[in-house]
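These notes concern the structure reproduced below.
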Amino acid sequence: MATSPKVTVFHRRSDYDVHSYVVGGPGDNAVHRLNEERRAILSEIDNAKFSWFHIKVAFVSGAGFFTDAYDIFAINVVTIMLGYVYGDDQSASIPGVAGRSLSAMQQLGVKIATPIGIIVGQLLFGWLGDVMGRKRIYGLELLIIIIGTFGQTIAAPSMAVSFIALLIVWRTFMGIGIGGDYPLSAVISSEFSSTHIRGRVMTAVFANQGWGQLAATAASCVVVRAYKSSLLSNGNTLLEDIDRIWRIIVGFGCVPAVVALYFRLTIPETPRFTLDIQRNVDKAARDIDEFLTHEGYTVDPEAVSRRLSAQRATKGDFRRYFGRWENLKVLIGTSYSWFALDFAFYGLGLNSSIILQAIGFGSPDKGITGGQAIYQNLFNVSLGNLVLSLAGFVPGYWVAFLFIDRWGRKPIQLMGFCALTVLLVVMGFAYHKLTSTTRGTAVFVFLYCLANFFQNFGPNTTTFIVPGEAFPTRYRSTAHGISAASGKFGAVLAQVAFQWLKDIGGPIGSNAFLDHILQIFGFFMLTGIISTLMIPETNQKTLEALSNERQDRFFRFLGKSSSYPFRIRT
């Protein structure tokens, strides 16, 4: 009587020495043993010690977020420069070039172009990351960012095309690449990390957003200072010098992207995607041995192919999985929490220069005009943004790094939303009283920095982490993209609302409604507290436990040979 072929798998582990077993046909309970092998391999990832490979993943993924933040927040100062060179609106109180600015619609277009592109990129690359794999498209988003950034620096006005419209197109294109970075970097850093350090690795990746924002403000300070003599001379090249300054500042954003590109193109596929989507236990185990545990792995030369079925990402399966309330509520919780956070985060972040000017922090002396007024305004706004980054943004990320794997994600997010609700409401209701005196203005700036701190030591960090942990491998990238896109939709709405509301009750440019805008932001932080209650605590839990699915029956046997084989290869 014929017997089914047998496959003997030897897998060396540091914890278990060498063990082996024989995998035959269905009668030998092969599927059960392969499921156990899968769980053992996943256990190796979850229990792997911190290594240089984890540092490499954090660096390679983090370099993209450095670039993302630099490109997004550099527009704060650049918008003012664009107004001097290409603006049509003229201030009644400030004569000449120093009083020129972009129209309200032009400012809005420049500021929301990138978030709109980001929404497209997050949804597109999130889906592609689950369909094609993380590795196959990782690096493509950086290429888009590099091309989009370079395109902005060489864009020029013409008789047939509006320069601002051309700039908006390039920034939208760049935004698609930035958006793609969110789900891919989050999922890659999550799937390669051990359970006990996953929060810190993902926070270290996202914390590069703080360094990128700091670099953007520092670069503007340095470049503006370098052109000080040219600007103060108020000569015939004044507009040409300002045009050069903003192009140099934007162009610097290409540098970290170019540095990180090679490493992204050479990073391996995550073992979880190889195991759960490609269903290649052999390759997943080899990758773990090579990059995480450095132990040996051997397979019998007479290994044969077996076709196995596993849960796959289809429309029907998507509806089935998210049709269960316990899974849908997590997606709603992660999406709305990010929406509420970004409504205030980008509402404040992309308009910090306007807020600084509105409260008179570092504004140029009223008696000066021309190039001197332009230099003072640009340098003071750059310096003010630098102070905000150093005092709030950067420290917040790294305090979150220290506590994310101790306190957990949910407590930090709740604490952040509560603190932001109080701070923004106080800033809103006390706005006029605080900004009427020099000491009060200093208190307002302190509260503003404190709000930045609790955004990052709070929901800005956790809304990035939780969607990268709380869903199964086949939907992890897609769900993260949906959650992140919800956040950027909030950012776009915030920009539209800010531009539309800020001058209500006063003349154009008066920012008379700014106190009420802060109160509205405070209300959205309050709603974030409610949505946080819908998400699970992911700290110190495996990704498989968080997926809400059984793991002991992940693979199912379908017979020999097929168009989509699961292989144990030699």
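For a test of the definition: using alpha carbon positions, the gyration tensor, and the 1.5 limit on a/c, classify region 420-521 as rounded, prolate or oblate. Taking the square roots of the gyration eigenvalues as a ≥ b ≥ c, region 420-521 is oblate. Nonpolar atom fraction for region 148-291, defined as the carbon and sulfur part of the 1.4 Å probe accessible area, stands at 68 percent.
How high is the FRET efficiency between residue 315 and residue 244 when r is their beta carbon distance and R₀ equals 51 Å, given to the nearest 0.05? If you can, show how the numbers build up before the last one.
On the way: r = 52 Å, r/R0 = 1.01.
Rounded to the nearest 0.05, the efficiency is 0.50.
Across region 427-437, coupling constants 3J(HN,Hα) worked out from phi with the 6.51/-1.76/1.60 Karplus curve, θ = phi - 60°, read 4, x, 6, 9, 4, 5, 5, 5, 7, 7, 10 Hz, and Gly and Pro carry x. Round to a whole angstrom and tell me the spacing of the C-alpha centers of region 239-285 and region 120-187. Each part reduced to its Cα centre gives a spacing of 12 Å.
Full extension of the chain segment joining residue 39 with residue 496 gains 159.7 nm, where the gain is 0.36 nm per residue of separation less the Cα-Cα distance. Note on residue 503: accessible area approximately 30 square angstrom, rounded to 10, probe 1.4 Å, nucleic acids and ligands left out.
Counting only heavy atoms of the protein chains and using a 1.4 Å probe, residue 326 has close to 80 Å² of accessible surface.
Would you mind checking 283/541; 111/410; 49/488; 56/329; 111/135 for any pair whose Cα atoms are more than 27 angstrom apart? Exceeds cut-off: 111/410; 49/488; 56/329; 111/135. For region 409-477, the relative contact order is 44 percent, taking Cα pairs closer than 8 Å that sit 6 or more residues apart in sequence and dividing their mean separation by the residue count.
Only protein heavy atoms count here; on that basis, with a 1.4 Å probe, residue 399 has an accessible area of about 40 Å². Here's how it looks for residue 89: its modeled amide H is under 5 Å from those of 101, 103, which are all 5 or more places away or on a different chain.
Phi angles across region 45-50 convert, under the Karplus curve 6.51 cos²θ - 1.76 cosθ + 1.60 with θ = phi - 60°, into 3J(HN,Hα) values of 5, 5, 10, 4, 6, 4 Hz, Gly and Pro given as x. Okay, which of region 97-130 sit inside 17 Å, backbone N to the point 7 Å along the Cα-Cβ direction of residue 161? Only 110 pass the distance filter. When you filter the chymotrypsin sites (Phe, Trp or Tyr not before Pro) in region 427-468 for DSSP loop state and at most 12 other Cβ atoms inside 10 Å of their Cβ, nothing is left. Rolling a 1.4 Å probe over the protein heavy atoms of region 431-557, with every protein chain left in place, gives an accessible area that is 69 percent carbon and sulfur.
Working out 0.36 nm times the residue gap between residue 104 and residue 527, then minus their Cα-Cα distance, what length gain in nm do you get to one decimal? Before the final figure, lay out the partial values.
Numbers: separation 423, 0.36 × 423 = 152.28 nm, distance 2.92 nm.
Difference between extended and current length: 149.4 nm.
The values are calculated or read from the model by the stated rules, or taken from the named source; none is laboratory data. Worth saying up front: this structure is predicted, and the values here are computed from it rather than measured. Virtual Cβ from ideal backbone geometry, glycine too; neighbours counted across all protein chains shown. Protein only, heavy atoms only, side chains kept; ligands, DNA and RNA dropped before computing areas. Shrake-Rupley method; radii C 1.70, N 1.55, O 1.52, S 1.80 Å.
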